[in-house]
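To keep things clear, I will list the structure first and then write my remarks on it.
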Amino acid sequence: MSAVTDLAVKGAALAAAAAGDFSGLPIHNPSVECASRERIRAIQLAGLIEQVAWTYARVPWYRARMDERGVSPADIKTLEDVRKLPFTDKSVLRETFPYGLFAVPLDEVVELHASSGTTGKPIVVGYNAHDMDLWADCIMRLVQMAGVVPGDRAQMAFGYGMFTGGFGLHYGLQKLGCMMIPAGSGNTERHIAMIEDYGTTVLVATPSYALHMCEVGERLGFNWEASTLRVGLFGGEPCPPGLKTEIERRMHIVCTDNYGLTEVMGPGVSGECLASRDMQHIAEDHFLWEVVDPETGDPVPDGEMGELVLTPLGKQAIPVLRYRTHDLTRVITEPCACGRTTARMQKVRSRSDDMLIIRGTNVFPSQVEDVLAGIEGVTPHYRIVVDNEGGLDRMTVHAELKPEAFSDSFEEMEALRRAIAERLKGVLLVGVNVRLVEPGGIERTTGKAKHVEDRRTSAT
Ligand code: DLL
C-alpha cells in the first residue's frame, strides 16, 4: 500500500486524489487557476503593462536602464515585449541595498525580509499591505493544491527570521483558516512532541529537515502511522522524487513541494498539485515567466530546459523586472489532470551557478544525488567536497550508510564503496573519491541542506 493510499483514514479528499479523482480538492481561485490560456495571457499582459509603468515612474534605477535602451512603458504592447526590458540579478539588489529599488515610501512598507546569500551584503525586500495580500493569496493556492483545508493545524518548522519561508507560509495558512503552531526551526524532539500534543495535521519544513524529523521520531519510537499528521508542505530547496517518496512512506503523509525566492516574493511562486507530482503550477497572474538560455539570455524553444526568469506582476513595494533566478527548469502549458490550466514548471533540481567543473567536466550535484538514490544501503544525506591536489581538482562524495548496510567487514564496505565510485564515474564521466560515512554521520540542518563544499573557491 502506498503512503498516499494510507491516507484514507486521514483525509477523504486526499484518498480520492490518490485514486486519481481530484474533484474533492478545493481550487482557491478557479477564475484564474482554471482560466483559458487566452484569458491567462490577457491577465498577464494587463499586469505587465501596469507593472512596467509603475516601476518606470517610481524606481530611478529601472528608469535609467530603460532610458539607456530607449524603451518606455508605452513600448510594452505584447507579452513578448518583456524582452525589451533589462534583466535584473542579485547584484542589482546588492548595489541598491537597502532601499534603492523600493517604489513606495518607507512608511507604507509593513514588512522586510532578506536573503543572506553566501557572500557580501544581504539583499533586502519589502512589502506593503497590498503585497502582503497578494502573497497570502499565492500561499492559499499552493497549500490547497496539497489538500490543506481550513481547520487544519499547521506546524511551522521553517525559521521565523528574515527568511521568507516562515512568515510567508504562516500568513497564508492562517488566512485560509488553519490553526498555526509557530514552533520555528530546530529542537526536533520538541517538534515531535508538539505533533502529538496539539494534533498537528500539516508540517511545513524543508524536505531535508522533514527527513531528519522522521529519523528522530523513529529513534524515539514515535508512531508516524497513527499520528494526526497528513500533509507535508516542503520547499526552499530541491526535493528529489526519491526523497519525497521516502518521507511519504515513512511518515505516512502526502507531501508537496513549493517553490519561490526572496527577490520576487518568497514562497508562493509555484506549487505542486497532487496530479502532476514532478511539476509545480505557477501563479501566472502574479508572475510572468520566461525560460532563457543561461549563457545568452535568449529564449529557449517552448517546453525546453533553461533558466527561469520571473517578473512579478502587481507587486508594489519592490518591483523587480526580469529577475534571473539561476534556477534550471522547463515550463509546459498543457492543462493538468487536477483541473488547473496554469503553466507548470518542472521542479528545480539544479541551478546554473551550482555546476561544478571537475578537471574540465561539468558536474551537477543533482547527478550525484540521483546516483546515490539508486543505491541500496545509502541514505539521502550526502556531501560533496571539492579541493585541489597537486594542481588537479579532486571531488570526494561522502555517502551516509543506512544502519542495516553498516558492517564490520572491511571487504564488504570496500566493495560497496567501489561500487558507488563506479556508478558515479559512469554517470559523471569523471573519477571521484567516495567515502562511506557511518549512519547519522552527515550533519543535519534545520533549514536548507548544504551539500557542496568547494574548497577551491574558498581558498582563493
Ligand atoms: O527559499 C523561498 C521559499 C521558502 C520557497 C520556503 C519555498 C518554501 P530563498 O531563500 O531566497 O527563498 O532561496 C531561493 O532556493 O532560487 C531555488 O534555488 C531554491 N528553492 C526554493 N524553493 C525550492 C524548491 C526561498 N521547492 C532559492 N525546489 C531558489 C528547488 C528551491 N529549489
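Just want the answer: with Cβ charges of +1 for Lys and Arg and -1 for Asp and Glu, which residue in Val59, Ala114, Leu203 is farthest toward the dipole's positive end in the chain? The Cα lying farthest towards the positive end belongs to Val59.
The chymotrypsin sites (Phe, Trp or Tyr not before Pro) of the range 102-209 meeting both criteria, a DSSP state outside H, G, I, E and B (loop) and at most 14 other C-beta atoms within 10 angstrom of the site's C-beta, are Tyr160. Between the exposed loop cleavage positions of the chain, defined as trypsin sites (Lys or Arg not before Pro) in a non-H, G, I, E, B DSSP state with at most 14 neighbouring beta-carbon atoms within 10 angstrom, the longest gap is 78-358.
Using the Cα coordinates of the chain, the gyration tensor eigenvalues translate into equivalent-ellipsoid semi-axes of 36, 29, 20 Å, sorted from longest to shortest.
Near Asp327, the amide H atoms lying under 5 Å from its own belong to Leu308, Ser352; only residues 5 or more places off or on other chains count, and H is placed 1.01 Å from N. Considering only Ser227, Thr188, Phe406, and ranking their Cα positions along the charge dipole of the chain that arises from unit charges at the beta-carbon of Lys, Arg, Asp and Glu, the one farthest toward the positive end is Thr188. Compute the Cα gyration tensor for the range 394-460, then decide on rounded, prolate or oblate, letting a ≥ b ≥ c be the square roots of its eigenvalues: rounded whenever a/c is under 1.5, prolate when a/b is larger than b/c in the other cases, and oblate in all that remain. Oblate.
The mean sequence separation of alpha-carbon pairs under 8 Å and at least six residues apart, normalised by the residue count of the range 200-266, gives a relative contact order of 37 percent.
Per DSSP H run of n ≥ 4, the term is -39500 (n - 2.57); total these for the chain, divide by its residue number, and report the mean residue ellipticity at 222 nm rounded to 500 deg cm²/dmol. Walk me through the numbers on the way to the answer.
On the way: 14 runs with 152 residues, N = 460.
It lands at -10000 deg cm²/dmol.
Considering only DSSP beta bridges where both residues belong to the range 312-460, give the percentage that are antiparallel (nearest 5). Walk me through the intermediate numbers first.
On the way: 15 of 23 bridges.
Around 65 percent antiparallel, to the nearest 5.
A cut-off of 5 Å between modelled amide H atoms, ignoring neighbours fewer than 5 places along the same chain, links Arg435 with Val397, His398, Ala399.
Rounded to whole numbers, the Karplus 3J(HN,Hα) couplings from phi for the range 213-224 are 4, 4, 5, 5, x, 4, 5, 7, x, 6, 8, 4 Hz, using 6.51 cos²θ - 1.76 cosθ + 1.60 with θ = phi - 60°, and x at Gly and Pro.
Taking amide H as placed 1.01 Å from N in the peptide plane, the amide H of Cys255 sits under 5 Å from that of Gly232, each at least 5 places away or on another chain. Classify the range 335-428: rounded, prolate or oblate, from the alpha-carbon gyration tensor (a ≥ b ≥ c, eigenvalue square roots; a/c under 1.5 rounded; otherwise prolate if a/b is larger than b/c)? Here the range 335-428 falls in the oblate category. The 3J(HN,Hα) values that the Karplus relation (6.51, -1.76, 1.60; θ = phi - 60°) gives for the range 89-96 are, in residue order, 9, 3, 4, 5, 5, 6, 4, 9 Hz. Gly and Pro appear as x. Only Lys, Arg, Asp and Glu carry charge here, each on its Cβ (+1 for the first two, -1 for the last two); on that basis the range 315-460 has a dipole of about 1020 debye about its Cα centre. Of all stretches in the chain that contain no GluC sites (Glu not before Pro) in a DSSP loop with at most 12 other Cβ atoms within 10 Å, the longest one is 1-294.
Note that the range 227-239 has calculated 3J(HN,Hα) couplings of 6, 6, 4, 10, 9, x, 9, 9, x, x, 7, x, 10 Hz, one per residue in order, obtained from phi through the Karplus relation 6.51 cos²θ - 1.76 cosθ + 1.60 (θ = phi - 60°); glycine and proline are x. Taking every C-alpha pair closer than 8 Å and separated by at least 6 residues, the mean separation divided by the residue count of the range 20-114 gives a relative contact order of 25 percent.
Looking only at Cα atoms, what is the convex hull volume of the range 67-111 per residue, in Å³? Working shown, then result.
Working: hull volume 5.9 nm³, N = 45.
Output value, Cα hull per residue: 132 Å³.
Taking the Cα centre of the range 157-289 as reference, the dipole from Cβ charges on Lys and Arg (+1) and Asp and Glu (-1) amounts to some 200 debye. Each of Asn433 and Lys121 was given a label point 7 Å from its Cα along the Cα-to-Cβ line. The distance between the two points is 4.0 nm. Lys/Arg Cβ at +1, Asp/Glu Cβ at -1, dipole of the chain taken about the Cα centre: which of Ser23, Val291, Val124 is farthest positive-ward? So the residue we want is Val124.
When DSSP beta bridges are restricted to pairs lying wholly in the chain, around 65% turn out antiparallel. Starting from the Cα of Asn362, move 7 Å in the Cα-to-Cβ direction to define the label point; list residues of the range 417-433 whose amide nitrogen is under 13 Å from there. In the range 417-433, the label zone of Asn362 (backbone N under 13 Å from the point 7 Å along Cα→Cβ) covers no residue. Can you send over the carbon and sulfur percentage of the accessible area for the chain, probe radius 1.4 Å, protein chains only? Of the solvent-accessible surface of the chain, carbon and sulfur hold 53 percent.
A Cβ-based charge dipole, computed about the Cα centre of the range 109-190 with Lys and Arg at +1 and Asp and Glu at -1, lands at about 140 debye. Reported value for the range 283-354: 96 Å³ per residue, from the convex hull of its C-alpha atoms.
The values are calculated or read from the model by the stated rules, or taken from the named source; none is laboratory data. This is a predicted model, so every value here is computed, not measured. Positions of Cβ are backbone-derived with ideal geometry, glycine not excepted, and every protein chain shown enters the neighbour counts. Quick note on the areas: whole protein, heavy atoms, side chains included, nothing else; ligands and nucleic acids left out. Shrake-Rupley method; radii C 1.70, N 1.55, O 1.52, S 1.80 Å.
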